[in-house]
């Protein structure tokens, strides 16, 4: 199955991107929210950016959390929950080489 034929709820891994967070949300609050849907292995809120990452204990836990929380209100904001993607490679800055 290719990327474009996947359903929105399909998750290949167990790490989720969580967007549209208020800047006051911390790791513990996010962990508490996601732990209702399975084991939470790690949480990292990117301070001052309004997003973070949650790694669930399994792919099925990640799917449950995404289905339950994407589009839901949390601290006055509508959450965006998607599978985390690897970071894009940064372009190398060369000087005419």
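The values are calculated or read from the model by the stated rules, or taken from the named source; none is laboratory data. Keep in mind the model is a prediction, meaning the values are calculated, not measured. Here Cβ is always computed from backbone atoms with ideal geometry, including for glycine, and neighbour counts include all displayed protein chains.
If you go through the stretch 58-90 one residue at a time, how many are exposed (fewer than 14 other Cβ atoms within 10 Å of the Cβ), outside any strand (DSSP E or B), at pLDDT 95 or above and in contact with a strand residue (DSSP E or B) (Cβ under 8 Å, 6 or more places away or on another chain)?
Matching residues across the stretch 58-90 total 2.
If you take the residues of the stretch 30-39 that are touching a strand residue (DSSP E or B) at 6+ places or on another chain (Cβ under 6 Å) and farther than 12 Å from residue 74 by Cβ, which of them is surrounded by the most Cβ atoms within 10 Å (Cβ to Cβ)? Let's see the steps before the verdict.
Taking the stretch 30-39 as the starting set, the residues that turn out to be touching a strand residue (DSSP E or B) at 6+ places or on another chain (Cβ under 6 Å) are 30-31, 34, 38.
Those still in the list that are farther than 12 Å from residue 74 by Cβ too: 31, 38.
Numbers: 31: 15, 38: 17.
Per the criteria, the residue is 38.
Which of the residues belonging to the stretch 30-45 are assigned to a helix (DSSP H, G or I) and either within 14 Å of the chain's Cα centre (by Cα) or closer than 16 Å to residue 67 by Cα (or both)? Working first, answer last.
Pass one, the stretch 30-45, residues assigned to a helix (DSSP H, G or I): 30-37.
Matches in the stretch 30-45: 30, 31, 33, 34, 35, 36, 37.
In the set 54, 45, which member is touching a residue at least 12 places away in the same chain (Cβ under 8 Å), buried (at least 17 other Cβ atoms within 10 Å of the Cβ), in contact with a strand residue (DSSP E or B) (Cβ under 6 Å, 6 or more places away or on another chain) and within 13 Å of residue 15 (Cβ to Cβ)? Show your work before the answer.
Numbers: 45 fails: within 13 Å of residue 15 (Cβ to Cβ).
Exactly one residue qualifies, and that residue is 54.
Checking the conditions here, which among 39, 32 is touching a helix residue (DSSP H, G or I) at 6+ places or on another chain (Cβ under 7 Å) and without any contact (Cβ under 8 Å) to a residue 24 or more places away in the chain?
Working: 32 fails: touching a helix residue (DSSP H, G or I) at 6+ places or on another chain (Cβ under 7 Å).
Exactly one residue qualifies, and that residue is 39.
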